[in-house]
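In what follows, a structure is listed as structure tokens, so that the remarks can point back to it.
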Amino acid sequence: ARGQDDEFLESPRKRRCRRGLQLALLGLLTSALWAGLLALLLLWHLFSPTIPVSRISEELQRHHSNQMAQKQKDLNERHMASDALGKLKEEVAKLLMEIQMSEGSTCNTCPAQWVSFQQKCYYFGESPKRWLQARYACEDLHGRLVSIHSQEEQDFLTKRANKEKAWIGLRDLDIEGEFTWMDGKPLDYTNWQPGEPNNADQGENCVMMLSSGKWNDAFCHNWLDAWVCEQLATCGSPATSDSLDDSLDTGST
């Protein structure tokens, strides 16, 4: 019985020895493989002087660059297609709005916390954001950074915006000096601060609205405490508008 116990106690040691031997053989095999690979690379370099070893890394780098360029191209194409679809939907919505207004509907209905002005709704965000973050925040709210096309609209925004600086939807990210609005419309109205835009220090490609309402180009990665979104208002039926007017009149009497 003691001999059986001794055998039982010695078995784990044997197993550990066997496992250690296997690991040692695996290490030797791995070292041999690496040595063989290095020898092959050296021989290839010696007998193929016209093709340097550095060519491998160059080809890998070129392949990686091509992949990244293709991904960026695909991303840009998706963004362009998405923007085009969004603009088409908006044009259809505007056409429907004109039809409804011609039939007597009042098109000034906005979501909660949005403010109505001239068939558009405005959201005045108040949290620190960079320009791109403000853009995405507006998209999450089913709108976009505001595009300003008249003095009346500018006066409305100047009165409502209560921060010193706020991001708006104007930028020249694509071509320096060619500013474009988020709604894709031309720059038919401007309200630049005197001396602006000046692209100071190269790279001021996004536009902020100052507390005075004037515009100033700035670095897109700057943090501002305010940003303004816009979206189209929706239309209510003439009966709904009349009922609302009647309730207001009743309340005033």
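The values are calculated or read from the model by the stated rules, or taken from the named source; none is laboratory data. Bear in mind the structure is a predicted one, so any value in this text is a computation, not a measurement. We place every Cβ from the backbone using ideal geometry, glycine too, and count neighbours over all the protein chains shown.
Kindly evaluate Lys159 against the criterion of being assigned to a loop (DSSP other than H, G, I, E, B), surrounded by fewer than 18 Cβ atoms within 10 Å (Cβ to Cβ) and basic (Lys, Arg).
no
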Which residue pairs have Cβ atoms under 7 Å apart, sit 6 or more places apart or on different chains, and have a first residue in segment 142-155 that is surrounded by 14 or more Cβ atoms within 10 Å (Cβ to Cβ) and a second that is basic (Lys, Arg)?
Leu145/Arg135; Ser147/Lys185; His149/Lys185
Of everything in segment 188-220, what is surrounded by fewer than 17 Cβ atoms within 10 Å (Cβ to Cβ), more than 25 Å from the chain's Cα centre (by Cα) and of a type in the set (D, E, K, R)? Give them in sequence order.
Asp188, Lys214
Does Gln202 meet the test of being farther than 22 Å from Asp174 by Cα and either free of Cβ contacts under 8 Å to residues at least 24 places away in the same chain or out of contact with any Asp or Glu (no Cβ under 6 Å at 6 or more places or on another chain) (or both)?
no
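Run down Ser31, Ser54, Ser65, Ser11 and say which single residue is among the hydroxyl-bearing types (Ser, Thr, Tyr), modelled with pLDDT under 75 and either under 30 Å from Met182 (Cα atoms) or surrounded by 10 or more Cβ atoms within 10 Å (Cβ to Cβ) (or both).
One residue alone meets the criteria, Ser11.
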